[in-house]
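Okay, structure first, notes after.
The values are calculated or read from the model by the stated rules, or taken from the named source; none is laboratory data. No experiment lies behind these values; they were computed from the predicted model shown. Using ideal geometry, Cβ is built from the backbone for each residue, glycine included, and neighbour counts are taken over all protein chains shown.
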Amino acid sequence: MNKLFLSALAAIALTCAGNNVWAKDAVPLADDPVTEQRLITISEEMRCLVCQNESLAGSRSDLANDLRREIRILIHEGKTDEQIRNFMVERYGDFVLYRPPVKPITWLLWIGPFVILLAGIIGLMVYLRRRNQNVPSTALSAEDNRRIDALLRDAKSSPTENVHD
């Protein structure tokens, strides 16, 4: 039984060691590191259309891989960064950019959060004013004021003890 266990252990060790022999280094995505750096710079400014909350550079979706491949082709064709951005916007709209340009069609994207915040503040103020108006105000009697003063004097004169210790 012991021999069988040692044989199985040796077989597993040889299999694991053999896999390292055939392992290869990761192949760079572009032959030119300058091209790859430009690709990263451009794709970090663009949104993955599948993930929507991740940059094109960081996304691993199939569409993101295709878009990065398309950007590489455009870089090899000699297009400038601005031309590549314009191509992507023409094809996918301003949504592809993390920072869409300020123009009438994108005003809602830029101003919308502030309008919602302002509406929330105004709504909160209206609610608090109405709530305060609905709370009845009662005047304390002279006897109530004397009892409160007596309690405060007693609290100041007596040493404070922590009953929870």
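Assorted remarks:
- VAL96 meets all of the listed conditions (1) at pLDDT below 90; (2) touching an Asp or Glu at 6+ places or on another chain (Cβ under 9 Å); (3) in the same structural domain as ILE42 (by TED's automatic domain parsing) but one, namely (2).
- Filtered residues of segment 105-132 (kept if at pLDDT below 85 and not aromatic (Phe, Trp, Tyr)): ILE105, THR106, LEU108, LEU109
- Of all the residues in segment 97-151, those that are hydroxyl-bearing (Ser, Thr, Tyr) and within 30 Å of CYS51 (Cα to Cα) number 2.
- Selected residue [within 30 Å of ASP32 (Cβ to Cβ), surrounded by fewer than 10 Cβ atoms within 10 Å (Cβ to Cβ) and at pLDDT 90 or above] from GLU143, GLU90, GLU70: GLU90
- Within segment 68-111, the set of residues being assigned to a strand (DSSP E or B) and acidic (Asp, Glu) is empty.
- The set of residues in segment 88-111 that are hydroxyl-bearing (Ser, Thr, Tyr) and within 23 Å of ALA57 (Cα to Cα) comprises TYR92, TYR98.
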